[in-house]
Structures are given as C-alpha cells and as structure tokens.
Amino acid sequence: MTKRGTGTVYLVGAGPGDPGLLTIRAAEVLSRADVVVTDALVHPAIVDRYAPRAERIDVGKRGGRPSPRQEDINQLLVDLAQRYRVVVRLKGGDPFVFGRGGEEAEALAKAGVPFEVVPGITAGVAAPAYAGIPVTHRELASWVVLATGHEDPHRENVRTGWATYAPGATVVVYMGMMRLRANVAQLERGGWPTDTPAAVVAWGTWPRQRTVVAPLGQIAEAVMAAGLSAPALLVVGDVVRLRDRLAWFERRPLFGQRVVVTRARAQASALRARLEELGAEAIEFPTIRIGPSPEPERVRHAVARLGTYDWVVFTSGNGVSEVWRYLEAEGRDARAFGEVRIAAIGPATAAALAEHGLRADCVPERYDSEAVATALEARDTLAGRRVLLLRAREGRAILPERLRRAGAHVDDVSVYVIEPDATGAEDLRRELEAGAVDWVLFTASSTVRNFVSAVGTRLGRARVAAIGPVTAETARACGLRVDVTAEEYTIDGLLASLVQVGGAERTVA
Ligand code: SAH
C-alpha cells in the first residue's frame with residue numbers, strides 16, 4: 001500500500017569515511033535531496049559536497065549527546081516523507097550491514113512510504129582494504145564472516161556461532177571495541193588459535209586511520225597500548241599477514257597530515273583533491289571569495305574592444321572565467337580576441353585560456369607580476385603599445401607601473417574582486433589551539449592577510465607553507481613563521497615541497 005502524495009525515502013550508504021568511496025548513485029540521489037538525515041560516522045564533506053542545499057538532520061550520537069531511539073528515527077523518516085519529496089537517510093558504510101537500515105525499511109514499508117535502497121561500501125571490507133588486508137585470498141581465505149561484537153546480551157547464547165573456529169575464514173568484527181577482550185575470548189573459546197594473525201583498524205579510510213597488528217591472544221593489549229578508539233574493526237585470519245607488503249594507504253607521502261587550505265572556494269577543490277591523493281586531510285578555510293567586478297561598465301567597454309589592443313594580460317584563471325561571462329553575455333566567443341597577443345601569468349592561467357581555445361603567446365618562467373613585465377619587455381618593444389590587464393582589483397601595482405615605465409598605454413581593468421570570507425574561523429581557531437592541524441597553506445598574499453585577520457597568528461603546532469617568496473614575505477610581515485616556501489611557485493611546487501619535508505621527517509621517524 002503506497003500513500004499518495006508522499007515523498008520517497010532513500011536509504012543510502014555513505015561508505016566507510018573517505019568521501020571518494022561514495023557510490024555514483026548515492027551522489028546522484030543526494031543532489032536531489034530536500035532533506036538529509038545523517039549518522040555520526042558519515043563524513044561531513046559528503047553532505048557539504050553533494051547536497052549543499054538540503055536541510056540536514058543529524059541523528060547520530062556525538063559528544064555525549066545520547067542517540068535518539070531507533071523508533072524515533074523510524075517515525076522521523078515516515079514524517080519527513082509527508083513533508084518532502086526526496087528524503088535521504090544517509091548511513092555509514094552499507095545501510096543493511098549492521099546499520100539498522102533493515103528496521104528503518106520495515107517501518108517505511110509498514111507505513112506505506114515508498115523507499116529505495118542505495119548500497120554502500122561496508123567498512124568491514126573497505127577498512128581492511130585500506131589497511132592492506134584483502135578479506136579473501138586464493139591461498140589464505142575463502143570465506144568471510146561479518147559479525148557484530150556488540151550483541152544484544154539477551155541473545156548472546158544463541159548468536160555466538162560467528163566465533164567458532166573456521167579454517168580458511170576471515171572474521172571481521174564490527175562494533176567490537178567496547179567488548180574487545182570478551183570478543184577475543186569468544187573466538188578463543190570457539191577454537192581459534194591464540195597465534196592467529198589479528199588486526200584492529202580504527203577510522204579506516206579516514207586520514208586518521210590507524211592499524212594495530214598482533215597475534216589474537218595479544219591484540220586487546222596492543223590496541224590498549226596504542227590508544228586506538230572507535231570506530232574500529234577487528235580482523236582475524238591469515239590474510240592479516242599480507243598487510244606487511246600491501247599497506248598502501250598509510251604509506252602515502254602526506255598520510256595523516258591535516259592541512260588547512262586557504263584558497264577561494266572555487267579553486268580549493270582542485271587543491272583538496274591533490275592533497276587527498278597524497279594522503280592528507282584537507283580542511284578548507286577559503287578566507288576569500290570571488291566577487292563581481294566593481295566596474296562592470298569598464299569591463300564591458302574593454303571586452304568590446306579586445307581586438308584593438310596589442311597585448312591582453314591574464315593573471316589568474318578567475319580572470320579568464322569572469323571575462324568569459326562578459327563575452328558570453330554578449331553572445332561572443334574566442335574570436336573577440338582577433339589578432340591580439342595574450343600573456344598568462346602561469347600554466348594554470350594558460351590552461352584556463354586553452355579551455356576556451358586560446359593559446360597564450362607569453363607565459364613567463366616564473367609566475368609573478370615582475371616576471372610578466374620582464375617577459376613582455378623581452379618579447380616586444382612596449383613603447384606605444386596598448387596593453388589591457390584583466391585581473392583582480394587587488395592585483396599588485398608593480399605590473400602596470402613597470403609596463404608604463406616601458407612606454408606602454410595600460411588599461412588596468414578589475415574583472416573581479418577578492419572579498420574576505422571568515423566563515424568557520426571560530427572552529428578553525430579551536431582546532432589550531434588543540435594542536436589538531438599540521439599545516440596551513442597560503443597560495444597568495446591576500447589569503448594570508450584575510451586568514452590572519454579572521455583567525456589570528458596562534459597556529460598551535462601547525463606549520464606554514466607559502467607558494468612563493470612574495471606570499472612568504474607577507475606571512476612574515478603579518479607575524480607568522482614560514483616553515484616552507486615552494487621552490488616552484490605553483491600548487492604543484494607547493495605540494496612537492498610539503499612532500500619533501502614530510503618525506504624527510506618520515507625517514508627520521
Ligand atoms: N553500516 C556500517 C556499519 C555500522 S556499525 C557499514 O556497513 O560499515 C558501526 C561499526 O562499523 C563500528 O563500530 C565499527 O566497527 C565499524 N566501522 C564503521 N566505520 C568504520 C571505519 N571507518 N573504520 C573502522 N570501522 C568502522
């Protein structure tokens with residue numbers, strides 16, 4: 001029986017943590033969500049990224065707050081379906097593997113609310129995989145037991161079959177940390193030899209993943225000594241031995257480092273992806289956002305006369321996209337540039353131009369304002385030339401000054417502004433003070449100033465990395481200590497420097 005006029009509830013698996021392990025179907029359903037009901041173990045970035053406009057309801061237990069009763073969550077889902085068209089119930093891992101998703105589905109079925117299930121990658125498979133432990137293996141394991149280590153005590157007697165010795169099996173125990181000793185004892189009673197290889201993987205697939213390996217008989221002690229905390233899984237079986245050779249995730253160059261990214265939101269995601277690729281956790285603190293030009297008439301005027309200049313200079317990908325908005329509004333395209341020669345400050349800006357079919361005639365070796373001026377002077381006698389600068393209002397004065405000194409007529413047009421954005425400053429300050437941040441990355445002087453005015457200069461144990469000497473100098477002038485300055489003034493160069501420093505420390509450790 002399906003009631004008319006109700007919405008649909010999607011029981012969606014969010015995967016084990018790493019937002020990249022969300023399924024495409026889950027992302028698609030989230031993008032249509034009106035409301036998202038989440039658990040504590042769902043990575044917050046998933047909702048931020050895929051359902052930014054949806055209303056959020058958090059029913060997980062967090063910070064001592066008791067978790068709502070399951071009946072209340074069931075009822076909440078039924079009620080939300082009366083008010084919203086697309087209700088997403090987002091659960092860690094897979095919704096039907098120890099997620100009580102089965103109970104929620106039953107409640108929806110009983111109430112006649114339409115529902116769909118989007119399976120997710122369960123932690124019991126993914127966390128071992130990220131720890132370098134394949135749960136099956138042709139020679140070592142031909143079956144897998146997924147068990148709960150937190151069984152309803154009244155049922156314990158009838159439900160301990162999972163612990164019975166099973167040669168050639170891998171046993172994965174969920175929710176077993178509180179009763180780790182009891183669970184190990186259960187396995188030993190079941191006949192598992194005390195020297196069976198065992199591992200506990202905590203926060204699997206998250207940047208803070210930690211793994212402890214010991215023989216079954218000693219695993220509880222080893223976990224205590226290492227101070228691991230939930231969420232964690234116990235993995236028992238010969239496959240654990242493979243970790244020695246296969247622990248790929250924890251060996252990535254920036255593994256476990258928490259890095260604050262201060263780029264504007266629009267550009268932060270590319271940098272974040274690169275950091276995650278290297279094993280770091282990126283904490284986005286944009287400090288700035290791109291605002292519309294303060295002089296749209298001048299932009300329109302300049303864009304209408306692009307063909308009359310000798311040189312057009314772009315100093316950022318943002319400049320390129322802003323100019324394109326103006327061109328498109330006039331129904332024009334790359335042909336508006338005619339025979340004009342084009343300079344780009346660096347490869348990223350050149351790539352942004354290339355996306356629109358334009359090849360930059362001049363890209364200096366070094367990527368700053370001085371280098372652009374020098375490169376132009378080297379390419380052309382600037383005397384009498386008409387040069388158009390399309391850049392941020394906050395661009396440095398040195399560029400037009402140098403070009404004018406060389407005799408050029410310069411139109412310096414602000415195609416966008418950089419505005420401060422202090423959202424999240426309070427949270428970040430707390431994390432810094434708690435020593436929970438390893439690096440703060442600065443990719444421009446403007447982001448340094450905005451960061452310091454929003455967050456201050458007390459960074460705890462976090463170190464500062466700057467994209468180049470100008471940004472580093474600004475950071476020093478603002479009262480920060482700069483630990484790393486990139487040798488090549490690009491995002492790649494900055495990341496390479498971080499890896500170098502991180503890698504050196506790792507060898508020492
Ligand atoms: N539905 C989830 C499991 C929910 S039960 C799934 O399919 O993964 C919660 C338990 O899952 C935790 O107590 C822990 O044992 C395990 N777990 C969830 N996320 C984990 C992670 N990232 N690393 C290790 N264990 C995890």
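Once label points are set 7 Å from the Cα along Cα→Cβ at both residue 393 and residue 138, what is their separation, rounded to one decimal in nm?
Taking the simple label geometry, residue 393 and residue 138 are separated by 6.6 nm.
In nm, give the distance between the simple-model label positions of residue 230 and residue 165, each being 7 Å from the Cα along the Cα-to-Cβ direction.
3.1 nm
Sorted by accessible area with a 1.4 angstrom probe, largest first, how do 189, 298, 393 fall? Intermediate values should be presented prior to the final figure.
Values: 189 170, 298 100, 393 130 Å².
Most to least solvent-accessible, the answer reads 189, 393, 298.
Rounded to the nearest 10 Å², what accessible area does residue 368 have for a 1.4 Å probe in the complete protein model?
In the full protein context, residue 368 sits at about 20 Å².
Would you work out if the range 415-509 is rounded, prolate or oblate? Take a ≥ b ≥ c from the square roots of the eigenvalues of the alpha-carbon gyration tensor; rounded if a/c is under 1.5, else prolate when a/b is larger than b/c, oblate otherwise. Spell out each step's value before the answer.
Numbers: a/c = 2.01, a/b = 1.20, b/c = 1.68.
Oblate shape, in that a/c is at least 1.5 and b/c is the bigger or equal ratio.
Please compute the per residue accessible area over the chain with all protein chains in place, 1.4 Å probe, rounded to a whole number of Å².
Accessible area per residue: 47 Å².
For the range 236-376, just run the numbers: alpha carbon Rg, then divide by 2.2 N^0.38 Å, N being how many residues it has.
Numbers: Rg = 21.3 Å, N = 141, 2.2 N^0.38 = 14.4 Å.
Against the compact-globule rule of thumb, the ratio is 1.48.
If I histogram all Cα-Cα distances within the chain using bins 20 Å wide from 0, what percent of pairs lands in each bin?
19, 42, 29, 9, 0
Could you order 301, 356, 43 so the one with the most accessible surface comes first? Probe is 1.4 Å.
Details: 301 105, 356 65, 43 30 Å².
From most exposed to least exposed: 301, 356, 43.
Mind checking which helices in the chain clear 24 Å along their axis (Cα) and have mean Kyte-Doolittle hydropathy of 0.5 or more, DSSP H runs only? List each step's numbers first, then the result.
Numbers: long enough: 491-508 (26 Å, 0.80).
What comes out of the filter, once short or polar helices are dropped, is 491-508.
If I model a spin label as a point 7 Å beyond the Cα along the Cα-Cβ vector, how far apart are those points for residue 329 and residue 28 in nm?
About 3.6 nm, to one decimal.
Assuming R0 = 56 Å, can you tell me the calculated FRET efficiency for the pair residue 386 and residue 221, based on Cβ-Cβ distance, to the nearest 0.05?
Calculated transfer efficiency: 0.15.
Relative to the present Cα-Cα distance, how much length would full extension add between residue 244 and residue 75 at 0.36 nm per residue of separation?
Values: separation 169, 0.36 × 169 = 60.84 nm, distance 4.69 nm.
Gain in length upon complete extension: 56.1 nm.
So if each residue of separation counts as 0.36 nm, and I subtract the Cα-Cα distance between residue 378 and residue 409, what length gain in nm does that give?
Numbers: separation 31, 0.36 × 31 = 11.16 nm, distance 1.70 nm.
This chain segment gains 9.5 nm when fully extended.
Extent of the range 345-396 along each principal axis, from alpha carbon coordinates, in Å, largest to smallest?
31, 25, 21
State the dimensionless ratio Rg/Rh of the range 18-170 (Rg: radius of gyration of Cα atoms; Rh: Kirkwood radius). Before the final figure, lay out the partial values.
On the way: Rg = 17.5 Å, Rh = 17.4 Å.
Ratio of gyration radius to Kirkwood radius: 1.01.
Within the range 352-387, what residues put their amide N at less than 18 Å from the label point 7 Å along the Cα-to-Cβ vector of residue 305?
Residues 384-387 fall inside that zone.
Do any GluC sites (Glu not before Pro) in the range 267-356 lie in a loop, going by DSSP, with at most 12 other beta-carbon atoms within 10 Å of their beta carbon, and if so which? The partial results should precede the final answer.
Details: sites: 276, 277, 281, 284, 297, 322, 328, 330, 339, 355; in loops: 330, 339.
Hits after loop and neighbour filter: 330, 339.
For 115, 96, 255, 451, give the ranking by accessible area with the largest first, probe 1.4 Å. Could you put the intermediate results ahead of the total?
On the way: 115 75, 96 110, 255 35, 451 0 Å².
Largest accessible area first, the residues go 96, 115, 255, 451.
Which length gain, in nm to one decimal place, applies between residue 61 and residue 478 when the Cα-Cα distance is subtracted from 0.36 nm times their residue separation?
Length gained between residue 61 and residue 478: 146.1 nm.
The values are calculated or read from the model by the stated rules, or taken from the named source; none is laboratory data. Just so it is clear, the structure is predicted and the values come from calculations on it, not from any experiment. Neighbour counts run over all protein chains shown; Cβ positions are idealised from the backbone, glycine included. For the accessible areas, the whole protein counts, side chains as well, though only heavy atoms, and no ligand, DNA or RNA atoms are used. Shrake-Rupley method; radii C 1.70, N 1.55, O 1.52, S 1.80 Å.
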